[in-house]
Structure formats: structure tokens, C-alpha cells
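J.: Before anything else, here's the structure in question.
The values are calculated or read from the model by the stated rules, or taken from the named source; none is laboratory data. All figures in this text were calculated on a predicted structure; none of them were measured in a lab. Note that we place each Cβ from the backbone using ideal geometry, even for glycine, and neighbour counts take in every protein chain shown. Just the protein is used for accessible areas: all its heavy atoms, side chains included, with ligands, DNA and RNA removed. Shrake-Rupley method; radii C 1.70, N 1.55, O 1.52, S 1.80 Å.
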Amino acid sequence: MNPIIEVDNLYVDFDNVTAVAGVSFSVERGHIFGLVGPNGAGKTTLLRVLATLQEPTLGKVSITGIPLSDHAEPIRRKIGFMPDFPPVYEELKVWEFLDLYAAAYDVPRETRRARCTRELERVSLMEKREALVGELSRGMKQRLTLAKTLIYDPPILLLDEPASGLDPLARKQLYDILLDLRQEGRTVMISSHILSEMDKFCTAMGIMEKGKMVSAGKLSEINQEQGKRRVRVRLLEEDGVQQKMHKKFPGVKSTTLEHDRSWTVVLSGDDRTLAAYNKHLVTEGLEVCEFTPLKVSMEDILIQSGATHVS
Amino acid sequence: MFRELPLATAHMRMRLRLSRLYLTLIGHAVVIVALAIILRLSGEQNWLPSCVGVCLLVQYLCLAVGGCNAIGYGISQEIKSGLLSFHRLTPMSPDAILLGYIFGMASRSYLAWAMWAVAGFLFWLPSAVSPLPYLAISGMIVLSAFYFQLVTALSTLMVPARLETKHKATSPSILLPICFPFVPVDTIFLTPIPLALQFFTPDNMAPDLRQWLLQVYFFQATWPAAVYSLFLLVVLGTLTYFVARYKIAFENRPAFSKRHALFIAFTLFVIIIGRTMQYVQRPDPIPGLFFYLVCGFSFITISFIFGIIPKRLLIRQHCVRLVEEKCRDPWWHDAAPAMQATLALVGLCIASQNIVAGLLPPVMQEMVRHSLLMHNGLLVVLAVCLVGLCEGCRIHFAKDANSVIVVVLAIWWLFPPILFTMDHGQVGHCLLGISPLAGFVSACIPDSMPQLVATTSIAVTSIAALGALFFRQKERHSLMRKLRENTDR
């Protein structure tokens, strides 16, 4: 375990509202942590606390081992924060906007230009270098803000709903960038409503509801804690097989026939259960032409966690 | 302190793009030329000095009014859009952010100032008089305008501009530089505006200089008005700068840190004592001074009343901590510092003693005055001991700016009436004038008995403090009960 972000019993109050109530979790280095929850769950407040923009009421937060309460300044240099509606200077040119933040983050003057060019190429905005920021589309502004967030190479990224308002193509481009960042070994914490897309790159998740963290951790660990595995089975015969799939194997929780005529079987147990089930199917005389354990989806975890108000 | 100002560079790039600027430049140049032509054609003998005067006035308007408006609007937009939060995340120092805003957002005003300053200089040249006075006044104008820009920045950081016109948001703080030059001459010494914001012409230099050297009494010393104005500029400007800088660094904390709160209170105390002493010693005091004193003291009064009420968030923080750590809930606690309650009790005791003493015949009053002094002194010592006892029992007071300000202001309110018992003469009256509520009552009812005023101020202070404590205590008990119920469940 090498947690880069550790949160312990965090409370954040605003007058009569408790936005975050007793949240505890950790994020390991190099992971992409998906933070999900309905509107008002406290995701943005939590991210703002980690970004040192919001002082907590109570609790301990440490980032790269440095307590937030004592040393906000060194932490800020390690964090790149992108809010859900990133503000921009509409009357600056694209390169001037990046140059401002490169200078603000003490990027040396000699390398500033090269760094700006690198980030503009990463987010595919080179051709808009001389355009005013106000002339860019919503998706381009999001990408520009991401470039601004990456300009000083922070090891930790906190992204609050980065894909909101983007079309599918723009979202795909954004997620490709996030996968590249993960390859570079950076730690990313991202909040979003779009579970199906977050599934593709998140390695850990946290579910928030009414200010509390319902469940948090690596996807595989959460699923193992809940003791369930999913497997796709394709059989040569189709009729009358369901009973045989359930027979004498109490570990089977459900079997569902998919549109492609394969079966999705939910088992309670671990890898041994999977192996035993495979053997059971053969013993029952079923001709198995495919037996593929399925990756745990965030939606499955969400449903199994019992969070009642998460969309 | 900072190697460069990235924000200033960015704002200048936005505001000084040639494509948008050339119209402004041409416009100002046309007005300058038109001014010269009109004044020349008017037949006035001293048309050149008149041009100089107009140039000085426009310099002031560009920087103080135009600059303040640009800064107020700009900072308000940065706060609303969240850009200031972005900047807080960067390693930029608060100085770099603050000065970046001021010089960047007001860059067009500074450019306009430069044009009019050069024009004024050109109009001055034919007079064959040394340009030093003109340069000195232009410099003072920049200094004064910078001070008002700092005040605008601070007020916008604390309360973003709410006045929105169709095209622009206007910060109310631009009223400051507009109003100050038009106050009565005597009270203008309270402001950082140089006295000679009149039309300073070469022909009238001697009498104007004499006026600049008008003596100002300040703690029995006589200072030239210009020096006094500079002193105010430096002192108030430094204070404002540091407070604005603090507010930029810490969004959610009170504007004043402990050091700044004490420094501000002490400086204001010193300035007001000096002005009050001057007022007392003048043969024909001008009522305008009392107006300023009343305004100032009213502001302090209201701040004090709000300052003694602990914030709800502080109460909740304290209660959550108590429940989590399963601490015994003491009567004295962080959210309502024991010192407030102590001072309120002491104040009540002193007020009651003074009321009783006031009912005695004059002969007996003289007799008891010294013992009253002793009693009051003992009460103060008791208060200090009680506070020390609470500290010793680890009942911690809120070590934040609110509590420190409350203590300083409480001392400011209560001590002068207490010290008044030492001397009923001129000094005593002066001390009474320093106490905020006492001064306010004196201004409204000039013939009121000083004793009554002193007692009233102590009593009102104490009642307000106790009232605030009572209501917050009630709220705290209710919250503690709810939290304990949740924990037990």
C-alpha cells in the first residue's frame, strides 16, 4: 500500500449544512480514482478540500504524506485542480493563457514556450494557439484548462466533472488523455456521473451519498469484499440449459441470457468458485465453448453497495 | 519578494492591445489639444497655468476614480468566476496577486495618467519655474490614488461589488476618492489627500506653500500638513496593503490576523487620540471633527457588537470536537471566549458602582472617588486572574482574530470611562471622547454629564455582551444535545 492521498474522518460544514460528514478513504499512487454520487453528495466539496481551496471543519487530510492543515503551500505544487466550470480569461489568446499559468507556477522562462507547445499538442489545440480563449467552443475550453492544469507536471490531478457538457468525441479524447496520464504514473481523482465511461479507465472508486462515503477502494477489492464474481458462458446448446447451470451448485446467484445468446452468470465466491463452476458445467454434460470471467463494472459495485440515491 | 507579476502581464495584454487602445489614446490626445485651444481662445491671461490645473485634476480622476472602478469591477469578476481561487492555488505570493491585480487592471488608467502628466508638464515648461512642485504633486496624486486603489481592492475582497449596471459593475468604494477632496478643510487632515489639491499655479506658489506648511497639532507637536498627509498615506496605506494581502491568501478566514488587528487598533487609537487632543486645544473647534469621530465610533460600535457574537461555524466545530473526543463540556469554551463574559461581568460591576457613586452628594463623591478607583482596579485584576485560571485549566480561548479584536475593542470601550474617574478635567473629557459609545452620546447630547456617559457606555457594552453570550449559549446547548443523541444512536 502506497497511499498518496489519505483522508481520515473529514467533516466540512457550511453554516447549517454538513457537506461532508465523516469521510475516510485513501488513494494509492498511480491509480485513477472515480468519485461518483448524485448532485449534492459532497463530491465537489471533497475535491476542493483536497485542492486546499476549502478548509475542513474537522478531520485529517494528507497528500504525499504531508498534512494539509500545516503545509498547504508545498501540497499546492503537487496538485492540479480542474473545477467543473473552469474559469478562463476570455480576452487572452490561448498561448497567453498558458503562459500566464506557466509563469505563475515558476516554469523557467527558457522552457516556458516549449512546455506550452507540448501541452497544446497533447490536447490538440495547436492550431488555435493565436485564437482568443473566448472564441473557443466549450470542449476546447475544457481541453485548454486541462492543458493549463498539466503545464507544471503535477503528480496528482483532481478533476471535477471534466466531461460535463462535452460531446462523445470530445469525451473520448479526454479519456484518452487520462489513460496516457496514467501510463505516466500520475494519480488522478475524477468525479463524474457517466459510470459506463469511467469504467474504461478507473482502477478504484468511491461512492458518496449525502456527504458520506458509502464505499471506497480498488474495484477488485470492493468486489472481493462483496464476494461476487461474474462470468460469461457460451454453450453449444441453448434449450433447457438453465436448470443444469443452477443444479447442485448453490454458488450461482443468477443467470441471464444476453442478446448475443451468451449467459452472464453471477457467482458468490472467488477464483476457486469460478474454477469449480467451470468443472460443474462440464460434469453436467454441457458443451462449453466460452468461459470468460468478466471485469467488475462500477455499476455493479454501485448497485451492490446499496447506495439508494446515486444515479 | 517577487520576480515578475504574471497577473499584471496578463491583464495588461488584455487591456492594452493596440487594436483596442488606439481609440483611447487618440481620444485623450484630442481632449488635451482641445483643452489648450479652448483656454487659449477664452482670452484668459493665465491660460497655461489653468491647463496645468486641469491636467492635475484629470490625473487624479483617471487614477483614483477610473483606476478604482477598474479594480473593483475586475476583482469582483475574478471572485465570481473563480479565477481568484485558481490563482490562490499557484505558488504566486499574495503580494504578486494583489499588485498584479492593481497594476494590471488599472493599467489603462495609469496610461491615461501618464498622458495627462506629460501634457501638464509640457504646459508647465513655459512658466520658467522649477517643475519640482508639479512633479511632487503628481507624485502625491499617484500615491493617494494607489492608496484608494488598495482600499478598493480590500473592500472588494471582503464584499464583492453588488452594484451592477447594464454594462459594468461599479464598486461603491470609488465614492471614497470622489468624496474626500470635498470635505471641510479642517477635517481633510484626517485623509490621505494632500491639502494642495487645488489648482497649484506658479504665480500662487508662495501662498500655497504657506498653506501647505499649516501647522497641525499631533500629540502637542506641530507638523506641516503635507508631512501629516504623507504620514497618513504611509501608515494607512501600509495597513491596508497588509490586510488586503492577508485576505487574498486566506479566503475563509477573518481579514485581520492577530498582529494586524492589534496594529490597526493601536494605530487608529493613536491617530484618533492625536486628533482629539488637537480638537480639545483649539479655541474654535469646528463641528466637522466631531462628525468624523461620531462616524468612526459608530463603525467601531457596530463592529464590536458583531464581533462579540461567535460564529455559528465555530460553535459547531467546537461541539463536534467535544463529542468526538468525549470531552466534558465546560461552561467556558472556544466559541464564546471567557474573556468576553469576564469583561461583561466586570463592566456590570463597574457600572453599578459608578451609578451608586453618582447618587452620592458631591462631597462624598470626592471622598469615594479614590476607593472607587481601587475597586475598579481590583476588578480588572480579578478579570485577568480569572482568564489566567481558565487558561491554566486548559479551557482554551479561540486563538483567532475575532477574539483578539473583541478584546482590543472591549478595552477601548471600557477603559477610557474607567480612566475618566482619575481626572474630570480636560484630559478626562478627552479620554471620554475616545470611548466609542461615550463619544457618540456626547456628540448627540453635548451637555450630558460625563459620569452618566461613562456609566451608560459601560452598561450598554455589558448588556450587549451578555445578551450575545446568552443566545449563543442556548444555541450551543441545543446543538450539543443533538450531536450527543446522534452519537448515542
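J.: Taking each residue of B:72-81 in turn, how many C-beta atoms of other protein chains fall within 10 Å of its C-beta, and what is the average?
T.: Mean partner-chain Cβ count within 10 Å for B:72-81: 1.
J.: Within a 10 angstrom radius of each residue's Cβ in B:11-21, how many Cβ atoms of other chains show up on average? Whole number is fine.
T.: 2
J.: Can you compute the FRET efficiency between A:Arg234 and A:Ala131 using 1/(1 + (r/R0)^6), with r the Cβ-Cβ distance and R0 = 35 Å? Round to the nearest 0.05.
T.: Step by step, r from the Cβ atoms, then E = 0.10.
J.: Could you please report the charge total around A:Ile79, scoring K, R as +1 and D, E as -1 over all other residues with beta-carbon less than 13 angstrom from its beta-carbon? Each step should come with its number before you reach the end.
T.: On the way: positive: A:Arg48, A:Arg76, A:Arg77, A:Lys78, A:Arg186, B:Arg88; negative: A:Glu73, A:Asp153, A:Asp160.
Here the count lands on +3.
J.: From the residues A:Leu92, A:Ala102, A:Ala72, which one has its Cα farthest along the dipole of the stretch A:40-102 in the positive direction, the dipole being from +1 and -1 charges on Cβ of Lys/Arg and Asp/Glu about the Cα centre?
T.: A:Ala72
J.: Now a separate question. Roughly speaking, to the nearest percent, how much of chain A's 1.4 Å accessible area is carbon and sulfur?
T.: 49
J.: Here is a follow-up. If you take the accessible area of A alone plus B alone and subtract the pair, what total do you get in square angstrom, rounded to 100, with a 1.4 Å probe?
T.: Chains A and B together bury roughly 3100 Å² of accessible area.
J.: Rounded to the nearest 0.05, what FRET efficiency is calculated for A:Phe14 and A:His193 with R0 set to 22 Å and r the Cβ-Cβ distance?
T.: So the FRET efficiency works out to roughly 0.45.
J.: Tell me the net charge near A:Asn2. Cut-off is 9 Å between Cβ atoms, A:Asn2 excluded, with +1 for each Lys or Arg and -1 for each Asp or Glu. Each step should come with its number before you reach the end.
T.: Details: positive: A:Arg29; negative: A:Glu28.
In short, 0.
J.: Taking only protein heavy atoms into account and a 1.4 Å probe, give the accessible area per residue of the stretch B:37-112 in Å². Intermediate values should be presented prior to the final figure.
T.: Numbers: 2450 Å² over 76 residues.
Ligands and nucleic acids excluded, the result is 32 Å² per residue.
J.: Can you tally the net charge around A:Leu158? Count Lys and Arg as +1, Asp and Glu as -1, for every other residue whose Cβ sits under 13 Å from the Cβ of A:Leu158.
T.: +2
J.: Here's another thing I want to ask about it. Beyond 30 Å between alpha-carbons counts as too far, so tell me which of A:Lys128/B:Lys80; A:Lys148/A:Lys200; A:Lys78/A:Lys212; A:Lys43/A:Lys128 fall in that bin. Please list the in-between numbers first.
T.: Numbers: A:Lys128/B:Lys80 27 Å; A:Lys148/A:Lys200 25 Å; A:Lys78/A:Lys212 26 Å; A:Lys43/A:Lys128 33 Å.
Table pairs above 30 Å Cα-Cα are A:Lys43/A:Lys128.
J.: Quick one: if the Förster radius is 45 Å, what FRET efficiency do B:Ser42 and B:Thr238 give, using the C-beta to C-beta distance and rounding to 0.05? Please list the in-between numbers first.
T.: Numbers: r = 44 Å, r/R0 = 0.98.
Result of the calculation: an efficiency of 0.55.
J.: Let me ask you something else. Enter the mean number of other protein chain beta carbons within 10 Å of the beta carbon of each residue in A:80-89, as an integer.
T.: For this peptide, the per-residue mean of nearby foreign Cβ atoms is 3.
J.: Suppose we compare each residue of the stretch A:30-66 in its chain alone and in the full protein complex with a 1.4 Å probe; which ones drop by at least 50 Å² of accessible area?
T.: A:Leu53, A:Glu55, A:Thr57, A:Leu58
J.: Now for a different question. Give the accessible surface of the stretch A:3-219 per residue, rounded to a whole number of Å², with probe radius 1.4 Å and ligands, DNA and RNA excluded.
T.: Value for the stretch A:3-219: 38 Å² per residue.
J.: Now for a different question. Give the peptides A:116-129, A:35-48 in descending order of average Cβ contacts within 10 Å, highest first.
T.: Highest to lowest by the protection proxy: A:35-48, A:116-129.
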